[in-house]
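The values are calculated or read from the model by the stated rules, or taken from the named source; none is laboratory data. Please read all numbers here as calculations on a predicted model, not as lab measurements. Every residue, glycine among them, receives a Cβ derived from its backbone with ideal geometry; neighbour counts consider all protein chains shown. Accessible surface is based on the protein model in full, side chains and every heavy atom, while ligands, DNA and RNA are left aside. Shrake-Rupley method; radii C 1.70, N 1.55, O 1.52, S 1.80 Å.
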Amino acid sequence: MDLIRNYGLEVAGTLASLIYLFYSIREKAWLWPWGIVASVVSLVVFYQAALYADMGLQMYYVIISVYGWWYWMSGQNSQSDSPVSIKELNIRLLLKLLIAGGLIYLVLLSALLNIPAMVDIASSDLPYLDSFTTAASIVATWMLARKYIHHWLFWVVINAISMGMYMYKGLYFYSFLFLIYTVGAIVGYSEWKRTMTQNAQ
């Protein structure tokens, strides 16, 4: 029964995540509510797998999804009522994001190495990779919320590493999902680039 319950959660999270990816590539605001559903389910899955940084990441995903949904629908990045446009990163912002990501990584790693013993729960598995993918995902999701096209390139790396982590942990549906995510990130970058070119013309 536990096996069916666990696989059921993985399947539900995978399906919601695939819908989220579809709407992300199509640049549709519907990605955000589906992202919230996927995150809530994934939070439970990662807690059961003792991937605590990934679990905490799902809480962040819920919050940033609400923000991204509002931002995309509000057109806050323009002087008109038109939807938020896709943007490119400049070097200064990229450096700020890399520094922020590095600091988040160090905080997460310290937490994963020390907190489980303090609260008497199972030690975090794969703390270094878990911290890296979580920190990078926090940065990449913020970039998605603000519609920076380069978030897709971040996701190519994050998703490929996550796929290996989930395979190691026996989360096979999520491993398959992140294989699709890796390919989807490449497709998403290409589609957003095409949209940018069309808008520029």
>> With the requirement that a residue be of a type in the set (S, T, N, Q) and open to solvent by 20 Å² or more (accessible area, probe 1.4 Å), what does segment 52-74 give you?
In response: Ser74
> So which of Met163, Met196 ends up being part of a helix (DSSP H, G or I), farther than 22 Å from Ser65 by Cα and at pLDDT below 90?
Replying inline: Met196
> Considering only residues of segment 113-144 that are buried (at least 18 other Cβ atoms within 10 Å of the Cβ) and outside any helix (DSSP H, G or I), which is modelled with the highest pLDDT?
Replying inline: Leu126
> Quick check: anything in segment 145-157 farther than 27 Å from Tyr71 by Cα, open to solvent by less than 30 Å² (accessible area, probe 1.4 Å) and at pLDDT 90 or above?
Replying inline: no
> Can you pull out the residues in segment 173-187 that are open to solvent by 10 Å² or more (accessible area, probe 1.4 Å) and in contact (Cβ under 8 Å) with a residue 40 or more places away in the chain?
Replying inline: Phe173, Phe176, Ile180, Tyr181, Val187
>> open to solvent by less than 90 Å² (accessible area, probe 1.4 Å) and at pLDDT 95 or above: which single residue out of Ile104, Ile99 fits that description?
In response: Ile104
>> Looking at (1) within 17 Å of the chain's Cα centre (by Cα); (2) farther than 22 Å from Ile104 by Cα; (3) open to solvent by less than 40 Å² (accessible area, probe 1.4 Å), which one does Gly170 not meet, given that it meets all the others?
In response: (1)
